[in-house]
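Structure first, then comments.
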Amino acid sequence: MSEAIDPVELQVLTGALRAVCEEMGAVLIRSAHSANIKERRDASTALFDPQGEMVMQAEHIPVHLGAMPAAVAAILDEEHAPDRSWILNDPYRGGTHLPDITVITPVFAGGELIAFAASRAHHADVGGPTPGSMPADSTTLDEEGVVISPRVLDEEAIAELSAQMRRPDQRRADLRAQLAAGRVGSRRLLELHERHGGDKLARAFSEVLDYAERRTRSCIEEVDDGTYSATDVLEAREGDLEIVLTATVDGDRLTLDFTGTAGQHEGNLNCPLAVTRSACYFAIRVLTDPDIPPSAGAYRPVDVIAPEGCLLNARSPAAVVGGNVETSSRVADVVLRAFGRALGQGTMNNVTLGSEDVVYYETIGGGQGACPDADGPSGVHVAMSNTLNTPIEALELEFPMRMIEYALRRGSGGAGAFHGGDGVIRELEALAPLSYSLITERRRHAPSGADGGEPGAVGRNLLDGEELPAKAIGRLEKGQRLRIETPGGGGHGRVR
């Protein structure tokens, strides 16, 4: 049996693996050309062992990272070789939604596969009928863009895929940035392999996973055994869709059962199971110790049940573009609500504006729910999103738009002993004709408070002062203004 690694040395190696992930992310962001990656940082990086378990991730986008193991699993049995990277975005073969493209680079040392370095980035366009590839009205996967089944990523593939997408120059540059991130991850792992030896590095992978599992089990054991439940709804165009959760704590294990949730959606609010799991894992990370290494070991004590064919475990070829961004947010909300947390805005407020020549995609921050001992922060990206905004200077320089107002939405956070955070106002004027697509939530149902706290304010979408629904698609003429007012977070505790 291999000798265990000294605890101090394990912490050093854990920090080194985390640093590799962070450097991969920095290379990707600094090399990318699209504002969506270089400004908003809508990208994630992670390392996996040869069996496909996620050993470490950077603190990037929660909905990317918890779902990325499915992408590595999708290429695990392929024929791997040095300098042979893989690409995919098919939600039913390891992806989430089509704009999120995953690139996976196997890492070899002395002819032996020792790891995988992976990145996922939200590309500003992946083809399809709608600029930005985030249509509010899609009903099948083919209406959302180019579907990429797992394949080798080389120059021929980059040319073939980017030619099917808007702004192919940016798509080529962003894909090469992902390849560069994978190469950096590979190089840094080989340095660790040379410094510590292959056996010790493999043991470090295993012990990081086991350590994260032990820490998570210990946190779950502190919760009273029993059944916890919660429900909430998604605001589909045709009416509300219910999400139902029964959570069972049994010693050091947690089962999250979504039986009873609405069936598969005829629109695009469906989730592949990987996205549902990702949202659950994020919520568990919130509810446990944030110092636990962010690895697959932390998820071993958690079982997620979602019946096949329901909203949270959709069958191909159901549309999923809204599921990845909005349904994932609601799944996290339901888990947090079951354990007594006030809810944040619960939406990414997805705004896509574009033409055949320019494509702009944005998620907008809002109010976070209050804690039992602190007010919720205002104007932040909540739950499954962890992006930045597009700075006004970058937006006005690159796109035919003018920012009219960007401000906190004062008073939109829920009242309570501790207040929920306030939402955001973001109003744009089109300087040229542009199509728009809005995929938003919490326009009809407010984010709930906890322990007597008041709900946050619902959000609003307005075109020249006229209210738009939560899911809307249309056209802006030159001079028209699109205004988004995002929800506030729920309060915690009764007002004293």
With a length cut of 27 Å (Cα positions projected on each helix's long axis) and a Kyte-Doolittle mean of at least 0.0, go through the chain and give me the DSSP H helices that pass. 7-31
Counting every Cα pair in segment 96-171, what percent are over 18 Å apart? 46 percent
HN-Hα J in Hz across segment 431-438 - Karplus 6.51, -1.76, 1.60, θ = phi - 60°, x for Gly and Pro: 9, 7, x, 9, 7, 10, 9, 10
Charge context of residue 446, other residues only, Cβ under 14 angstrom, K/R +1, D/E -1: -1
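I need the per residue convex hull volume for segment 453-496, using only the alpha carbons, in cubic angstrom as a whole number. Walk me through the numbers before you get to the answer.
On the way: hull volume 3.4 nm³, N = 44.
With only Cα atoms used, segment 453-496 gives 77 Å³ per residue.
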Please report, in whole Å³, the volume per residue of the convex hull around the C-alpha atoms of the chain. 135 Å³
Accessible-area ranking of 330, 402, 483, largest first, probe 1.4 Å: 402, 483, 330
Can you list the lysines whose alpha carbon sits under 28 Å from that of residue 38, skipping same-chain ones fewer than 8 residues off? 471, 478
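Suppose we look only past 15 Å in the calculated P(r) of segment 223-310. What percent of the Cα-Cα pairs does that tail hold? Before the final figure, lay out each step's value.
Values: 2389 of 3828 pairs.
Looking at segment 223-310, the distances longer than 15 Å represent 62 percent of pairs.
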Taking θ = phi - 60°, what integer Hz values does the Karplus form 6.51 cos²θ - 1.76 cosθ + 1.60 yield along segment 375-387, in sequence order, with x for Gly and Pro? 5, x, x, 9, x, 10, 7, 10, 6, 6, 9, 9, 8
Points 7 angstrom from Cα along the Cβ direction at residue 164 and residue 357: gap in nanometres? 2.7 nm
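Beyond 22 Å, how much of the Cα-Cα pair distribution for segment 253-362 remains, as a whole percent? Present the calculation step by step, with values, prior to reporting the outcome.
Values: 2322 of 5995 pairs.
When all Cα pairs of segment 253-362 are counted, 39 percent exceed 22 Å.
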Can you report the principal axis dimensions of segment 367-496 using only the alpha carbons, biggest first, rounded to whole angstrom? 51, 28, 24
Starting from one equal scatterer on each C-alpha and no solvent at all, send me the Debye-based log10 I(q)/I(0) for segment 93-240 at q = 0.12, 0.18 Å⁻¹, two decimals. -0.78, -1.03
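The values are calculated or read from the model by the stated rules, or taken from the named source; none is laboratory data. Everything numeric in this text was worked out from a predicted model, so none of it was measured. Because the Cβ atoms are built from the backbone with ideal geometry, glycine has one as well, and the counts that use them run over all protein chains shown. Note: areas computed on protein heavy atoms with side chains; ligands, DNA, RNA excluded. Shrake-Rupley method; radii C 1.70, N 1.55, O 1.52, S 1.80 Å.
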